Amino acid sequence: MSEEIDPLDLGCKKVGNDYLLVYGEKNILCARGIYKVAHHSVFLLNLLRQDLVRHGALKLTEKNSLKLLDGDESEIDGSQISTFYLMFSDQKHVIETGELFPQFPLDLLFDKCLFSTCNGPPLETEQNRLLGAIWSVLNEKVGEDAVFDLRDYAIAWYYYNSGFIEVDVEEGITYEDLSKSEWRKIREDWLESGPGDLISPSDFVKKDFAIYFRKIFDKLTSEEKTGLYYLCNLSGYTTTLVPLALIKGWFTVSQFSNTLTGVGGFILDRYGSTSESSLKEHRRMFDVCESTGNQILTYIVESKKGLPENIEGSNAHTVKQLIKAGESKKIEFKSTFRFCLKKKSHQQFISDIIVKSVCAFLNTDSGGTLLVGVADDGKILGLDNDNFKNDDDCQLFFKNRVTSNLGADIIPFVELEITNLKGKSIAVIKIKKATTPIYFKNVFYVRNGPSSDPLDLPDAVNYIREHFD
């Protein structure tokens, strides 16, 4: 049953390299009741606690998540951040699971900060003045020619999506359905009659400036991406570049707030029937942008506190070298032990994949190392998605899975250690070659390059004869 609690009774508990938000003996979970509120920075958790106090009372749900007594526990308010707790929850549920920004930098094709949406003075003049700051920043970062091209592409896509100009495309067909030749014909026709340059998305992402912004985005921390998410939401998803300028420090909060009031339809919203009402509306919009911008920056700053060099595990350097080397016959990466990133739930086939890899290493000369919490491309994901109670819980889960499938005799040949890298837990599983052949579900596996492959019966017999006494 849910219960009403006093936020002053919330505390922090250190477990490994992370701090957990707790209520008595209960670990507090994020808004959807899946992930623990855990972070390497105690300063960020204290920020969450202090922010929750201003609500006076909270509801602790049956899932051990928190709910505001006066509102929904998982909705974003477009005009404000109701609590840092909800922001942290969105970070875990939406950002770190990859639900948002999957096509970045294609978002830039639809960015309305790149051009004026008003026709004629005084609004067009005022809008150009407000957007001048972001244009100057972009000129500095990627050059005037690139900004000119960006503007041309964004204008064309604005008209293409709005339907202001008819395009000879069958109804219901999207640009993903078109072949390169079909798209080339549309683009050629557009250049004759439409404004801007209707570049195809596949060509756009190959541009140098698109690659530049993609690299910047990839280097953002989870907290910075969460801030970008909230600021894009604040803009009504009319711009990504203006929020990015604030996150990256290219803009002050005042510059961000002033520029955002000039993007897309915002310029119309700030003008009332009289100069007095226009000024009042501008101040209101500016204040909302400024307040949200300051909250975002506070969240990001607090998340980076308490990160001394020794937060990393003792073998962090070795793990970094393994990741840098990439997957091979002796090294394999797995994102999770049991959590399916696509289905957003624990799935047995995920842990079966782990067991299969262990089996293959046990049958392969010189064995190998399996890193869990690392994506195929080397990105460090950590083990939060698996939602283990602690390191011991992870160790026990792994031991039970491998021994129940491969037998207890393999224990001397398999060693699991959990280390910390960039504030995230990584499982390092070192596997030696077994002294006898090991089977998983009656199948004999060996390492073949970066993969674990099954051998049919004749090949398995020959392999065992050659590699085992």
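The values are calculated or read from the model by the stated rules, or taken from the named source; none is laboratory data. On a predicted model such as this, the values are computed, not experimentally measured, just so you know. Because the Cβ atoms are built from the backbone with ideal geometry, glycine has one as well, and the counts that use them run over all protein chains shown.
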>> So in the stretch 282-309, with the set limited to residues that are in a helix (DSSP H, G or I) and at pLDDT below 75, which one is farthest from ASN233 (Cα to Cα)?
In response: GLU309
> Would a scan of the stretch 88-101 turn up a residue that is more than 30 Å from VAL37 (Cα to Cα) and in contact with a Cys (Cβ under 6 Å, 6 or more places away or on another chain)?
Replying inline: no
> With respect to GLY378, is the statement that it is surrounded by fewer than 16 Cβ atoms within 10 Å (Cβ to Cβ) and either touching a residue at least 40 places away in the same chain (Cβ under 8 Å) or not in a loop (DSSP other than H, G, I, E, B) (or both) true?
Replying inline: yes
>> Restricting to the stretch 101-133, name every residue that is of a type in the set (Lys, Arg) and out of contact with any helix residue (DSSP H, G or I) (no Cβ under 9 Å at 6 or more places or on another chain).
In response: ARG129
> What are the residues in the stretch 206-223 that are buried (at least 21 other Cβ atoms within 10 Å of the Cβ) and under 14 Å from VAL94 (Cβ atoms), if any?
Replying inline: GLU223
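Residues checked against (1) under 22 Å from ASP18 (Cα atoms); (2) buried (at least 21 other Cβ atoms within 10 Å of the Cβ); (3) modelled with pLDDT of 90 or more; (4) touching a helix residue (DSSP H, G or I) at 6+ places or on another chain (Cβ under 7 Å):
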site: SER41; (1), (2), (3), (4): yes, no, no, yes
site: ASP72; (1), (2), (3), (4): no, no, no, no
site: SER79; (1), (2), (3), (4): no, no, no, yes
site: GLU99; (1), (2), (3), (4): no, no, no, no
> Within the stretch 7-24, how many residues are assigned to a loop (DSSP other than H, G, I, E, B) and at pLDDT 90 or above?
Replying inline: 1
>> I'd like the residue in the stretch 319-361 that is of a type in the set (Val, Ile, Thr) and more than 20 Å from LYS389 (Cα to Cα) and, out of all such residues, is surrounded by the most Cβ atoms within 10 Å (Cβ to Cβ).
In response: VAL358
>> Can you confirm whether THR125 is crowded, with 17+ Cβ neighbours inside 10 Å, not small (Gly, Ala, Ser) and not assigned by TED's automatic domain parsing to the domain that holds ASN64?
In response: no
> Say we look at the stretch 1-37 and pick out the residues that are touching a Ser or Thr at 6+ places or on another chain (Cβ under 6 Å) and within 14 Å of LEU58 (Cα to Cα); which of these is surrounded by the fewest Cβ atoms within 10 Å (Cβ to Cβ)?
Replying inline: SER2
> Has the stretch 341-360 got any residue that is in contact (Cβ under 8 Å) with a residue 24 or more places away in the chain, on the phi < 0 side of the Ramachandran plot, in a loop (DSSP other than H, G, I, E, B) and not aromatic (Phe, Trp, Tyr)?
Replying inline: yes
>> Among the residues in the stretch 323-332, are any at pLDDT 75 or above, among the hydroxyl-bearing types (Ser, Thr, Tyr), assigned by TED's automatic domain parsing to the domain that holds THR419 and not in a helix (DSSP H, G or I)?
In response: yes
